[in-house]
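As C-alpha cells, the structure follows; a few thoughts come after it.
Throughout, read-outs are computed from the coordinates displayed, never taken from laboratory work. Just so it is clear, the structure is predicted and the values come from calculations on it, not from any experiment. Glycine also receives a Cβ, built like all others from the backbone with ideal geometry; neighbour counts cover every protein chain displayed.
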C-alpha cells in the first residue's frame, strides 16, 4: 500500500525496454541486432590459471588443500583431477597427452588402492603411490629452485650496465723531462749576470706575474726553440729575473711551455707545447 497522494511508478512496458539501445556504435545507438550478424562459437575465450604439466596440477591440488605429500588421499585427488580435465573439455581446450597419461595413472593407483590386499609376506609390499610421491617431491624441488633463480637480479631487467668515458677536455699534467737541478743551474747563471747590473738606487717597482707570463708567451709565439736565457732581461735586476722565472714555471706547470735539453749540461731551450698556441 502507498500513501494517498504519492505518485505511483508505472511498470516498465515491453515497448520501453525495446527502445533501450543494445550498444553504441560510432556514436549511434543500435536498437536491434543486424540480421547478417555472425557470432563464432569461440568468440568468448576464458583463460584459467595455466599449469606447466600434470605434475604441476597435482602439486597445486595437494598444496591448495594443505595435504601431506607423503600420504596422498589418492581417491580425493583423482576426483579433483578428473573434474579439472572435464572442465578443460567443456571450454574446448586442447588437452596435452601428459594430462591424459596422468589421469590414467591416477585411475590405476586408485583401483589398486581399492582392491583388497593379500596377506603380508616376508617382503614388504610396495605402496602404489610411492613412485608418484617421488616424482612430485622431485618436481617440487626443481620448481622451487627455478623460482629462486628467477628471483635473482637479472641484467637488463633489474639493473643495466653503466659505462663512463673520460672527457676529452681533461688536462693531463705531463711533468717536464728536464731535471730541476739543470733549471736551477741555468737560473744561477742568469742571476750572476743580473748582479752586474745591480745599482744602489732604491725605487719601488711593481711587477706583475700575469703580465710577465704574457710577455714570455709573446716571445715564444713565433714557434721553434727559444734559448732559456733569452726570456730574461738582466737589466731589470734580481726582481725582474725572479718574476720571469716564476712566469716560466707557471706556464710549464700549465702544460703550455715545454723545456728541452739535448744532453746533460747542454743549453736549455723553451718552446710551445703542441696545441697550446
Suppose R0 equals 25 Å; then what is the FRET efficiency for residue 221 and residue 263 from their Cβ-Cβ distance, rounded to the nearest 0.05? 0.40
Going by average Cβ density within 10 Å per residue, which order do the peptides 135-147, 221-233, 152-164, 238-250 take, highest to lowest? 238-250, 221-233, 135-147, 152-164
Please work out how much length the chain gains when fully extended from residue 35 to residue 154, using 0.36 nm per residue of separation minus the C-alpha to C-alpha distance, in nm with one decimal. 37.3 nm
Let me check against my output: what whole-number percent is the relative contact order of region 180-272, with C-alpha pairs under 8 Å and at least 6 apart? 34 percent
How large is the Kirkwood hydrodynamic radius of region 229-277, in angstrom, based on all distinct alpha carbon pairs? 11.9 Å
Provide the gained length on full extension for the span residue 75 to residue 165, in nm with one decimal, where the gain is 0.36 nm per separating residue minus the Cα-Cα distance. 25.7 nm
Three-way shape call for region 180-272 based on the alpha-carbon gyration tensor, with the a/c threshold at 1.5: oblate
Relative to a virtual label point 7 Å from the Cα of residue 189 in the Cα→beta-carbon direction, which members of region 233-255 show backbone nitrogen distances below 12 Å? none
